[in-house]
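Input: a single structure, listed below in structure tokens.
The values are calculated or read from the model by the stated rules, or taken from the named source; none is laboratory data. Worth saying up front: this structure is predicted, and the values here are computed from it rather than measured. We place every Cβ from the backbone using ideal geometry, glycine too, and count neighbours over all the protein chains shown.
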Amino acid sequence: MKDISVIIPVYNTPLDKLEKCIESVLKIKNKCDIEVLIIDDGSKDYIKKFFKEKFIGEVVYQYKKNGGVSSARNMGLNIATGKFVCFVDADDIIVEDAFADLEKIEDYQMILFDMAVLENNKKDIWKVIKVQSGIVDKKEILIELLTSNRMNSPCA
């Protein structure tokens, strides 16, 4: 069993963004026991060719008929073997120490990470969104997500 399954749904993502995303996750793979699951949600052929040429043996690539991001994530969940599951969008970049403290967390239902929004692919950070750290119950999480003006990527 892997520690973390990183599920990345892909649908016709520009290759430059996709490559940055995958490379950021693979940097973490060198530090943690993770599997990288690419779920291709019916993209054009260039996506499949890209993975077969560039990342063979480094990621698990699965093609499915287009059904939307939720169906791609569900397919990823069906094949994931990790203790933790993290959803990463194909245009996201993950920092190298993103999962550094996961082994310290014993009782969890969901973990929310801080995120930075980059403006027009510039290196300067437009906005950093901080989230409450620590263990919170489901009701607190739901209220926070519904009443705040932010988007977070859950990892559970």
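General observations
- Tallying residues that are under 19 Å from residue 21 (Cα atoms) and out of contact with any Phe, Trp or Tyr (no Cβ under 8 Å at 6 or more places or on another chain) within the stretch 87-105 yields 11.
- Of all residues in the stretch 1-15, those satisfying the criterion of being in a loop (DSSP other than H, G, I, E, B) and more than 15 Å from residue 62 (Cβ to Cβ) are 1, 2, 3, 12, 13, 14.
- Scan the stretch 12-61 for residues that are touching a residue at least 60 places away in the same chain (Cβ under 8 Å) and in contact with a Gly (Cβ under 8 Å, 6 or more places away or on another chain) and the total you get is 1.
- Residue, nearest to residue 41 (Cα to Cα), within the stretch 80-99, restricted to residues that are out of contact with any Asp or Glu (no Cβ under 9 Å at 6 or more places or on another chain) and among the aliphatic types (A, V, I, L, M): 90
- When 69, 36, 59 are checked against the criterion of being surrounded by 20 or more Cβ atoms within 10 Å (Cβ to Cβ) and within 15 Å of the chain's Cα centre (by Cα), a single residue qualifies: 36.
- Residues that are closer than 14 Å to residue 7 by Cα and either acidic (Asp, Glu) or not in a strand (DSSP E or B) (or both), drawn from the stretch 36-67: 40, 41, 58, 59
- Scanning the stretch 1-34 for residues that are of a type outside the set (A, V, I, L, M, F, W, C) and out of contact with any strand residue (DSSP E or B) (no Cβ under 8 Å at 6 or more places or on another chain) gives 12, 13, 14, 16, 17, 19, 20, 23, 24, 27, 30, 31.
- Within the stretch 72-90, being part of a loop (DSSP other than H, G, I, E, B), touching a Lys or Arg at 6+ places or on another chain (Cβ under 9 Å) and either modelled with pLDDT of 90 or more or surrounded by 15 or more Cβ atoms within 10 Å (Cβ to Cβ) (or both) holds for 80, 81, 82, 90.
- Residue that is farthest from residue 58 (Cα to Cα), among those in the stretch 16-33 that are buried (at least 19 other Cβ atoms within 10 Å of the Cβ) and among the aliphatic types (A, V, I, L, M): 18
- The one condition from (1) assigned to a strand (DSSP E or B); (2) within 27 Å of residue 101 (Cα to Cα) that residue 24 does not meet is (1).
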